[in-house]
Amino acid sequence: MEFNIPGKTPTVLVVDDNPNNLKIVALTLRELNFKIVIATNGKDALDLVERTNPDLILLDVMMPEMDGFEVCEILKSEEKNKNLPIIFLTAVGEKSKIVKGFELGGVDYITKPFNKEELIIRIKTHLELKFTRDELQTTTDHLSDLNELKDRMFSVIGHDLRGPLGNIKMTLELLSKGLFEYNSDDYKETMSTLVQSSEEVSELLENLLGWAKSQSGILKYHPEEISMDSLLESTYFMFKGNLTHKNISFEPKVQDNLTVNTDSYMLKMIIKNVMSNAIKFTHEGGNINISAESVNGDIKISISDNGVGIPTEDIAKLFNEKEHLSTYGTNGEAGSGLGLKVANSFATKMNGKLLIDSKLGEGSKITLQLPVK
């Protein structure tokens, strides 16, 4: 009988106070290339379960101080062990007690002296059942996560798209009626509102797409060498119009010839989202600084502003996937709260982290810290 779970090397914990029994079981399982862990009493068995996380336990019923039933009852009282298969090892005269073992959570029993073929078949059967059940649970959990992601996305779409789309609809209706003289102040203001609302919709949809890819596991990490000078220069030109519109000064500071080996798409999305937030929550006439440097073996990219800052109680919510924190910028710009969630998720995939230092009314500094390699 072959073991039908490819790529798996099972760990089996054998618990018996009889050295001869341990020897027989160990020799049998070594033929299968299983990893074997041995305990000679109940107390050691409980300790080894914590340390080795076995896939199956062969558990002797009759042991001094703590018998197999007590060990099983303690293990099965913990949620994490509910699917851990326990096969009892019993003497012929102990069969009448095995019903108690089933009631406590055991899945099978083997009588001593052991029959080698029976021992192998029972172990393999329960290991295959265990691994199949684990895979089904993983699939179920993943589907549940995807369903929860779908619900959160619909919530964001319903809540945060309604505002800018409503503005676009209303603005287009006004323009279609010819109520504004071309190039008049009212016309320019109306067009500015239309552009801003369109940008908000575009940003939200881009973040929703990035968030969905990240949460569903579709997005893969593809590192490449990136020049920080070129990246920050392109960042400036991307946001030049927004900076000019709010009269915000922008000062980049990059260490000479600095490069980073990481995923270009993820890095650009992080900087874009953090930069967008900085502009959104900085008052007209404010300033934003961006820096990139190598510090103690890490690359640190920081974007700081002298804007409104973030309340201390809200900082933890910014990275919480289940929290929805929707706010408005200093000029009424809509914010879905997705930007920093996407940035933090991407930072994690890049083996880095996003750090926030903010004081209400004084501004914020958000730093992306990445390993050099």
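How do the pairs read when you match residues in segment 51-70 that are at positive phi with residues anywhere that are not in a loop (DSSP other than H, G, I, E, B), using Cβ under 8 Å and keeping only pairs 6 or more apart or on different chains?
Hits for this filter: Asn53/Thr11; Glu65/Gly42; Glu65/Lys43.
Please go through segment 170-187 and give me each residue that is loosely packed, with under 11 Cβ neighbours inside 10 Å and part of a helix (DSSP H, G or I), ordered by number.
Glu173, Ser176, Asp185
Please verify whether segment 58-67 includes one or more residues that are out of contact with any strand residue (DSSP E or B) (no Cβ under 8 Å at 6 or more places or on another chain), assigned to a helix (DSSP H, G or I) and open to solvent by 40 Å² or more (accessible area, probe 1.4 Å).
no
Check whether at least one residue in segment 265-283 is within 30 Å of Glu189 (Cα to Cα), open to solvent by 70 Å² or more (accessible area, probe 1.4 Å) and either assigned to a loop (DSSP other than H, G, I, E, B) or not hydroxyl-bearing (Ser, Thr, Tyr) (or both), and report yes or no.
Yes, segment 265-283 contains a residue that is within 30 Å of Glu189 (Cα to Cα), open to solvent by 70 Å² or more (accessible area, probe 1.4 Å) and either assigned to a loop (DSSP other than H, G, I, E, B) or not hydroxyl-bearing (Ser, Thr, Tyr) (or both).
Under 9 Å between Cβ atoms, which residue pairs at least 6 apart in sequence (or on different chains) link something in segment 26-45 that is in a loop (DSSP other than H, G, I, E, B) with a partner that is among the hydroxyl-bearing types (Ser, Thr, Tyr)?
Asn33/Thr9; Phe34/Thr9; Phe34/Thr11
If I ask for residues that are surrounded by 15 or more Cβ atoms within 10 Å (Cβ to Cβ) and assigned to a helix (DSSP H, G or I), which ones from segment 327-348 would you list?
Selection gives Leu338, Gly339, Leu340, Lys341, Val342, Ala343, Asn344, Ser345, Phe346, Ala347.
Considering only residues that are of a type in the set (D, E, K, R) and part of a helix (DSSP H, G or I), look in segment 202-257 and name the one that is modelled with the highest pLDDT. Reasoning before the result, please.
Filtering segment 202-257 for residues of a type in the set (D, E, K, R) gives 203, 206, 213, 220, 224-225, 229, 233, 240, 246, 251, 253, 256.
Then keep just the ones that are part of a helix (DSSP H, G or I); that gives 203, 206, 213, 229, 233, 240.
Details: Glu203: 67, Glu206: 72, Lys213: 71, Asp229: 91, Glu233: 88, Lys240: 86.
Out of the qualifying residues, it is Asp229.
Kindly establish whether Leu119 is part of a helix (DSSP H, G or I), at pLDDT 75 or above, of a type outside the set (Lys, Arg) and crowded, with 17+ Cβ neighbours inside 10 Å. Full working, then the answer.
Working: part of a helix (DSSP H, G or I): yes; at pLDDT 75 or above: yes; of a type outside the set (Lys, Arg): yes; crowded, with 17+ Cβ neighbours inside 10 Å: yes.
In short, yes.
The values are calculated or read from the model by the stated rules, or taken from the named source; none is laboratory data. Since this is a predicted model, take the numbers as computed values, not measurements. Ideal geometry is used to build each Cβ from the backbone, glycine not excepted, and the neighbour counts take in all protein chains shown. Calculation scope for accessible area: heavy atoms of the full protein, side chains included, ligands and nucleic acids excluded. Shrake-Rupley method; radii C 1.70, N 1.55, O 1.52, S 1.80 Å.
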